[in-house]
Each structure stands twice: as C-alpha cells, then as structure tokens.
Amino acid sequence: MNILILGPQGSGKGTQGKLIAQKFGFTYLSSGDMIRAMAKTHHNIEEMMDKGQLIPDEVSLELTTDYLETNKHFDNIVLDGTPRTTAQYHKMKEWFHTKGTSIDLGLVLTISREESIKRLSGRRMDPTTGAIYNLVTSPKPPAGVDVLHLLHRDDDKPEAINRRLDIYESSTLPLIEEMRKDGILVEVNGERTIEEIQTELVEIVKERQLNPKSQ
Ligand code: AP5
Ligand code: MG
C-alpha cells in the first residue's frame, strides 16, 4: 500500500509521515528534503525554494521516481510532498501503474493559515541530527540543545510562507479534489496534539490495509 500525505505548510506532513513509516515499516520519502539537497548545488532551484515557489513538475517527478527506481521501492511508501499538483498526480499514478502498484490512500492534514504561520515561524532543525523542533508549539528542543545553533529554513520566513500557502490553495487543493473523486481521500483535523493525530492516522491506515480500495 502506498500513502500520500498532504496538507498546508506546517500541517505536520513530515512529523506524521515519519511516524507512520516507522510504525508500519514503510519507506518515508520527502520531496522537500530531496529538493533541499539538490538546491545545494543548483542555484536556480535554491532561489525558487527560498521564495516559496514550486520547482518544475518534471524535476520533482524525476527526483522521486529515480530514487524509487534505484532503490526498487514500488510499494509500502509514505510519500510526503510529491505529487502536489494535478499534473504530478496523473504522472505518478501512471508511473505506479507500470510498477503494478498504486497510490492507495491520500491523508490530508487540515489546519488554518494562522496555525501554519505560527508553526513555521517557530520551526527549527538540528543541523547534526536532522531532528525537527518548534520554539512555539511542539516538540520543544530538549534541554542541552543550543537553540542558537538550530536552523530556520529560508522559506519559513513570513513572505515565503504566505506565498507557499497561496500556491497550496491554487495548485494542491485541486489535486485533493481529484483524490476525493478517486475515493482514496481521508481528511484529518491537524490542529490537535501530535499523538492524537498519529493515533487517528494509524487507525485509518490499518482500516485501509484490511479493506483495500480497488481502483
Ligand atoms: P516541503 O519541505 O515539502 O515543505 P512544505 O510542503 O511547505 O511543508 P513543510 O515541510 O513546511 O510542513 P510539514 O507539513 O512537513 O510540517 P512539519 O511536520 O515539519 O517543500 C519545500 C519546498 O520544496 C516547496 O515549497 C517547493 O519549493 C519544493 N517542493 C517540494 N515538493 C515539490 C513538488 N512535488 N513539486 C514542486 N516543488 C516541490 O511540522 C511543522 C512544525 O510544526 C514543526 O516544527 C513541528 O515540530 C510542528 N508540529 C508538527 N505537528 C504539530 C502539532 N500537531 N502541533 C503543534 N506543532 C506541530
Ligand atoms: Mg515537511
């Protein structure tokens, strides 16, 4: 079973996606992380990301499918971030079809714009471990971690956050409607504790494993 996790910026896709992958022994794949790695050597990509724009569909699709192809991962994947436009969704559906698998479940974490801005303004990453903390919400950096050494993403500054949220509404909401028509969509209230949301997501995944949706 392949799961696509979606939601506005800061809704907890990374936080919840990693926990789901751990719980079920799935592969977790974040297009944002892959694109951030690529941006270190591609200045044009870095510029687009820092401004909060999407990078071209072909580039994000190729990064994802090349990685999956190289690692021979075609099933039991948690996809965080790709597809995020209808064009990407159609291409990924076709690609999985050629591998004899499919996108079986779309989980959407819903949160308000105010909550997105609050969470992203407080998000920090440990440059050594990659752990994600939040200075405003949770999890807070543990005692002993020097907050001044934690990284604040360039696209987590107010102007870029608002642009990313506008793009989410114009480019990703139509894809969510397509997934609804495909009968694979489940929306979850993302404005609760990390643990409460995870408990609900685990139940949804178990239920879908027991009752796969035929497409
Ligand atoms: P990406 O890295 O995917 O960023 P995003 O979609 O903007 O999502 P975020 O990572 O900001 O939020 P999240 O939902 O993962 O939240 P998190 O769990 O960290 O993409 C970045 C960029 O890459 C894009 O803008 C684009 O340029 C490019 N890109 C990526 N994919 C692309 C594609 N397919 N096509 C084209 N371009 C693409 O949580 C946020 C914070 O809140 C954390 O600090 C966390 O600790 C905290 N938190 C989490 N859950 C809770 C909770 N329940 N309560 C309180 N705080 C919480
Ligand atoms: Mg993320």
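The values are calculated or read from the model by the stated rules, or taken from the named source; none is laboratory data. Keep in mind it's a predicted model, so treat the numbers as computed, not measured. Ideal geometry is used to build each Cβ from the backbone, glycine not excepted, and the neighbour counts take in all protein chains shown.
So the values come out like this:
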item	result
Search result, residues across segment 118-149 that are part of a helix (DSSP H, G or I) and within 11 Å of ligand 1 (Cβ to nearest atom)	118, 119, 120, 121, 122
Within segment 15-32, considering residues that are in a helix (DSSP H, G or I) and farther than 21 Å from residue 175 by Cα, the one farthest from ligand 1 (Cβ to nearest atom)	24
Residue 163 in contact with a strand residue (DSSP E or B) (Cβ under 8 Å, 6 or more places away or on another chain), among the basic types (Lys, Arg) and closer than 30 Å to residue 50 by Cβ	no
Residues within segment 59-99 that are closer than 22 Å to residue 117 by Cα and part of a strand (DSSP E or B), tallied	1
Residue satisfying condition, being modelled with pLDDT of 95 or more, away from ligand 1 (no atom under 12 Å from the Cβ) and acidic (Asp, Glu), within set 200, 187	187
Top-ranked residue in segment 168-215 [being within 15 Å of the chain's Cα centre (by Cα) and of a type in the set (Ser, Thr, Tyr); ranked as surrounded by the fewest Cβ atoms within 10 Å (Cβ to Cβ)]	171
Lone qualifier among 10, 52 - being touching a strand residue (DSSP E or B) at 6+ places or on another chain (Cβ under 9 Å), near ligand 1 (Cβ under 8 Å from one of its atoms) and more than 22 Å from residue 181 (Cβ to Cβ)	10
Residue in segment 48-58 that is closer than 26 Å to residue 186 by Cβ, in a strand (DSSP E or B), more than 16 Å from ligand 2 (Cβ to nearest atom) and charged (D, E, K, R) present	no
Output for segment 5-19, where each listed residue is farther than 16 Å from residue 189 by Cα and buried (at least 19 other Cβ atoms within 10 Å of the Cβ)	19
For residue 11: the one exception among (1) of a type in the set (S, T, N, Q); (2) within 15 Å of residue 55 (Cβ to Cβ); (3) within 14 Å of ligand 2 (Cβ to nearest atom)	(2)
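Okay, residues lined up against (1) aromatic (Phe, Trp, Tyr); (2) touching a residue at least 24 places away in the same chain (Cβ under 8 Å); (3) surrounded by fewer than 17 Cβ atoms within 10 Å (Cβ to Cβ):
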position	(1), (2), (3)
42	no, no, yes
45	no, no, no
52	no, yes, no
58	no, no, yes
71	no, yes, yes
83	no, yes, no
